[in-house]
Structure formats: structure tokens, C-alpha cells
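The values are calculated or read from the model by the stated rules, or taken from the named source; none is laboratory data. In this text the structure is predicted, and so the values were computed from the model without any measurement. In this analysis, Cβ positions are derived from the backbone assuming ideal geometry, glycine residues included, and neighbour counts consider all displayed protein chains. Side chains included, ligands, DNA and RNA excluded: accessible areas come from the protein's heavy atoms. Shrake-Rupley method; radii C 1.70, N 1.55, O 1.52, S 1.80 Å.
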Amino acid sequence: MTTTVLTATVPDDDLLHRLDDLAAAHPDDLRLVRWDLSEPLDAATAREVDLVVVPHYFVRPGGFDVLRDLPRLRYVQLPSAGYEHARPHLPPGLVLCNGRGVHDAGTAELAVGLTLAVQRGLPRAVRAMGEGRWDNPFGPSLADRRVLVVGQGSVGQAIVARFGPFEVDLVRVARTARDDVHGHVHGVDELPDLLPGADVVVLAVPLDRTSYHLLDARMLARMKDGALLVNVARGKVVDGDALLAELTAGRLRAALDVTDPEPLPSDHPLWHAPNVLVTAHQGGNTDATAPRVAALVRRQLTALLAGEPPVNEVART
């Protein structure tokens, strides 16, 4: 067991209250402090902080600079699975932990929902409803389509699990090829050969130097006419200009929860492109998120109090 007090900051009252019982169970070795990183901590507290839980959607320019004033800081806990927005801005000597598992269900639900919405023409139905117009089009199903899920981390696996009951032909793609209990997983190097056969391509990969513009103009051109691209990963995984050209030409369709740039400016042509449905990075915006973040932070604090390795470590700065 630790012999000194573990001091952790949490960004809001809701998370603080969800951890009240843990703090009560460790009155002598755990201190929780509410801090959202918007202002520097008082000097006395700053000297004692070991772990910082970062707020959701923390993308304030220079926002991570306040961490440089915490001499004892060792751990930074993100609520998101993605960590490319944080890692370059952290001071040296820290362990960065992500929110793997927190947003799996919400993001997977949205990936399937976006796919169904576009396949079954729901945006068109919403427009017709607003005009009081009875519109009864014939369109594609999801059943019997080949769905290519690119990315087999926890989010990608959750997406695959939810597509299963829809009677689709599921093809899984990961960083490297392998076999598991569910069958074969293709490597990302096979994408050029897999894309032409896919009716729906779902992106669920982290953003790094290997996935930046993974679907560039050349790869998008390999997708079949009328195929649907669903992106719940990061906007920069797709070459936005190349995708816009394909949409404008009417060759591809898209459902995008992430864009580049993000937020998407009001005058951006993607808003008015044909055959596209855009949502505003809503994958994790559900009431399931707060208790799941709390459960993760609870596991993290419990591990550190026990002298065990941190949970969800993704990088050291």
C-alpha cells in the first residue's frame, strides 16, 4: 500500500460525487480535488497532485500548460480513447492513460445508427416530413451487404458485435492480420483489395502517423460506386477534399461523426454536399458516459492505491 496520500483532481462535481464512497473508504491515503484545468491550482494543492483527470473535449489552446506547475504529477487520465490531442502537449515524465472502453457502446450505437439512417434514406424522410410530403422511395437495405470495419480495438469490436444481428457479411480489418475465435482479421495493408467489394466501410481507427489520410483519393477511388463511408474515428483519417469530390460527383455516400476541420465551419461545403449525413462528434454524448468514466477512474485510483500499474496506459512522455 502507498505510504503517502494520493491526490487526484477530477473535473466536475458529478464525478467527484460518484467517487465519494471511494474517498470515504480511504480517508488517510486518498484526496480528491475538483479542478477543470481552466485556472491554475493554488500553490499548496499544486505541490501535492499525483493524478489529473482531464475534462471531456478538452481542446483549449495551451490548456495543458497548467500541468507544468504540478511538480509531483505522475499520471494524466483522459476520458477519451483518442489521445493524439494531448500527448504532444504534456510535460515530460508523465504516464498518459486513455478512456479505452468508456465510449465503446455509444460510438458503436452511432456507427450502426448512421449506417441505417443513410441506407434506409432517413435524412430524405426527415426533409419530406418537414414539407408535409408523402415520399415513398425504393432504396438499399443493410441486410445482405458487405460491411468492412476498419479498426479492431475496443470500439471496432463493439461495432462488429452490433452489426452481427443485421444479417450482413462482416469483414474485419486491423493493423496486422491475424486469426481469432471469430475467424480471420485482415491487415490494413489489404485495404486496396478489400475496398472494391465493400458496400459499407466503417472507420474506427485511432489517429496516428500511420492512419493519417488512410483513405486518401487513391483509396476512395477503389470503393465501389454507391458505397457508404461511415467515419466514427477521427476526421483526419480521411482526405476531406478527396471525399468531398467523390460526394459532389455523386459516386460515394458518407455518414460522418467526425470531420476535418472540427468543429466544421458553418460555411464549409461539406454541410451542403449531396449524399452525406454529418453529426457533431456525438459518439460518446450519452448518459452512459458519466458512470463509465467514473468506473474507469475508480479502477485507476484503486490500482494506484494498491501500488499496481496504472490502468489503460498508452504513452509515457
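Just order 98-109, 175-186, 49-60 by mean Cβ neighbour count inside 10 Å, highest at the front, would you?
Per-residue Cβ counts within 10 Å, averaged per peptide and sorted highest first, yield 98-109, 49-60, 175-186.
Can you give me the distance in nm between label points at Thr317 and Asp144, each placed 7 Å from the Cα along the Cα-to-Cβ direction?
If labels sit at Thr317 and Asp144, their model points lie 5.4 nm apart.
Hey, in the GNM for the chain with a 10 angstrom Cα cutoff, which one of Asp12, Asp267, Asp69 fluctuates hardest?
The residue with the greatest mean-square fluctuation here is Asp267.
Please report, largest first and rounded to whole Å, the three semi-axes of the ellipsoid equivalent to the chain, where each semi-axis is the square root of five times an eigenvalue of the C-alpha gyration tensor.
Equivalent-ellipsoid dimensions as semi-axes: 40, 21, 19 Å.
Please list, short to long, the whole-number percent of alpha-carbon pairs of the stretch 119-275 in consecutive 10 angstrom bins beginning at zero.
Histogramming the stretch 119-275 at 10 Å steps yields 10, 39, 35, 13, 3, 0 percent.
Pulled fully out, how much extra length does the chain show between Asp180 and Asp69, if you take 0.36 nm times their separation in residues and subtract their Cα-Cα distance?
Result: 35.4 nm gained on full extension.
Can you show me the helix-derived [θ] at 222 nm for the chain, built from DSSP H runs with n ≥ 4 at -39,500 (n - 2.57) apiece and divided by the number of residues, rounded to the nearest 500.
When only DSSP H runs of four or more count, the value is -7500 deg cm²/dmol.
Considering the alpha-carbon set of the stretch 175-237 alone, what are its Rg and its Dmax in angstrom?
Cα-based Rg and Dmax for the stretch 175-237 come out at 12.0, 34 Å.
Express the carbon and sulfur contribution to the solvent-accessible surface of the stretch 1-141 as a percent, rounded to the nearest whole number, probe 1.4 angstrom.
Ligands and nucleic acids excluded, carbon and sulfur give 54 percent.
Go through the stretch 42-53 residue by residue and turn each phi into a ³J(HN,Hα) via Karplus (6.51, -1.76, 1.60, θ = phi - 60°); whole Hz please, and just put x for glycine and proline.
Once rounded to whole Hz, the list reads 5, 4, 5, 5, 4, 5, 10, 6, 9, 9, 10, 9.
To check you understand DSSP bridge types, tell me what percent of the beta bridges within the stretch 102-231 (both residues inside) are antiparallel, rounded to 5.
15
Mind listing the long-range amide H neighbours of Ala198? Cut-off is under 5 Å, sequence gap 5 or more, other chains count too, H placed in the peptide plane at 1.01 Å from N.
Lys224
Expressed as a whole number of Å, what is the distance separating the alpha-carbon centroids of the stretch 111-137 and the stretch 181-243?
25
In whole Å, what are the Cα extents of the stretch 1-114 along the three principal axes, biggest one first?
48, 33, 24
Could you check what % of the DSSP bridge pairs in the chain are antiparallel, to the nearest 5?
15
How large is the dipole of the chain about the Cα centre if only Lys and Arg carry +1 and Asp and Glu carry -1, each at its Cβ, rounded to the nearest 20 debye?
460
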